[in-house]
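K.L.:
I'd like to ask some things about the structure below.
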Amino acid sequence: MKALTITLQALGLLLLIPAVAMATLRIENANNDGPSIAFPGGTLVSGELHIGPEPDWRFTGDIDTVELELVDSGSSRLIWIQDANGKAYIASGYMQSFFGRLWKHWAVEADQGSGLAVLRIGDTRYERQLIRIHEGDELDGVAASILRKYAGGTVTAEGIAAVRAQIESGSTWIFELAPRS
Amino acid sequence: MSLKNYLLLCAGLSLATAVSILLVPGVAQLFETLILGFLFVFAN
């Protein structure tokens, strides 16, 4: 009985510390001008708002992460960015696992909400409309971009087909960062 | 350990964790890296 009590007490402490850490980090970041590595921040305030012609998003080819704010919730997160055919896209993986959906809840929010977003790259903010792309040949370019930037850089037809299959099965969600109409 | 002492230990550790994250440089980043590592493994 004593051994069980000690085990349960130790288990409680092992769960308590990560829970306190997560709660503290979440609260600490919630109102910041931008996210931290793992926790959402608040509304993106600093940076000039881009006004003018639609950019050619190929310039994001060398950029690893961008900051994305969902207007509905006013929360922002750090996210990978892909470009294909001059357009920009973002991906959310692990969408079929419990932890994945918990971690990537923003994607559910974007899909079910208005999809209005603000993207910040460096010191420039871009007003965007997130549009989920479920299927289609457009995904080949996005898959190639994912492979090139985040999966070792080797782009093969098999690799593209595998990533596209993940997207079309719903395991990875892709959103186009379209201009607001 | 009595329940009272255990709860005091929990409270102390919680406070120490929160304060170190808020005030000690690098601790927040360490916890974030650990949490990200956990998510990358278990979200799969």
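The values are calculated or read from the model by the stated rules, or taken from the named source; none is laboratory data. Source: prediction; values computed, not measured. Neighbour counts run over all protein chains shown; Cβ positions are idealised from the backbone, glycine included.
K.L.:
What pairs come up if the first residue lies in the range A:74-89 and is closer than 11 Å to A:Arg58 by Cβ and in the same structural domain as A:Gln129 (by TED's automatic domain parsing), the second is surrounded by fewer than 21 Cβ atoms within 10 Å (Cβ to Cβ) and among the small types (Gly, Ala, Ser), and their beta carbons are under 6 Å apart, counting only those six or more places apart or on different chains?
P.N.:
Matching pairs, first to second residue: A:Asp83/A:Gly61; A:Ala84/A:Gly141; A:Asn85/A:Gly141.
K.L.:
Could you list, in sequence order, all residues of the range B:8-40 that are more than 9 Å from chain A (Cβ to nearest Cβ) and surrounded by fewer than 12 Cβ atoms within 10 Å (Cβ to Cβ)?
P.N.:
Hits for the range B:8-40 are B:Ala11, B:Gly12, B:Leu23, B:Val24, B:Pro25, B:Gly26, B:Gly37.
K.L.:
Taking A:Tyr89 as the residue in question, decide whether it is in a loop (DSSP other than H, G, I, E, B) and within 28 Å of B:Phe38 (Cβ to Cβ).
P.N.:
no
K.L.:
Next question. Please find, within the range A:19-43, the residue that is nearest to B:Gly37 (Cα to Cα) out of those that are aliphatic (A, V, I, L, M) and crowded, with 21+ Cβ neighbours inside 10 Å.
P.N.:
A:Ala38
K.L.:
In the range A:107-125, which residues are more than 14 Å from chain B (Cβ to nearest Cβ), within 22 Å of A:Ile37 (Cβ to Cβ) and crowded, with 18+ Cβ neighbours inside 10 Å?
P.N.:
A:Ala110, A:Ala117, A:Val118, A:Leu119, A:Arg120, A:Ile121, A:Arg125
K.L.:
Kindly list the number of the only condition in (1) more than 10 Å from every other protein chain (Cβ to nearest Cβ); (2) on the phi < 0 side of the Ramachandran plot; (3) assigned to a loop (DSSP other than H, G, I, E, B) that fails for A:Leu4.
P.N.:
(3)
K.L.:
Here are the criteria: (1) part of a helix (DSSP H, G or I); (2) out of contact with any strand residue (DSSP E or B) (no Cβ under 8 Å at 6 or more places or on another chain). Tell me which single one A:Trp106 does not satisfy.
P.N.:
(2)
K.L.:
Working only within the range A:90-111, note down all residues that are without any contact (Cβ under 8 Å) to a residue 60 or more places away in the chain and touching a helix residue (DSSP H, G or I) at 6+ places or on another chain (Cβ under 6 Å).
P.N.:
A:Phe99, A:Trp103, listed by residue number.
K.L.:
Among the residues of the range A:34-65, which ones are among the charged types (D, E, K, R) and either free of Cβ contacts under 8 Å to residues at least 12 places away in the same chain or not assigned by TED's automatic domain parsing to the domain that holds A:Arg125 (or both)?
P.N.:
So the first thing to find is which residues in the range A:34-65 are among the charged types (D, E, K, R), and the list is A:48, A:54, A:56, A:58, A:62, A:64.
Matches in the range A:34-65: A:Asp62 only.
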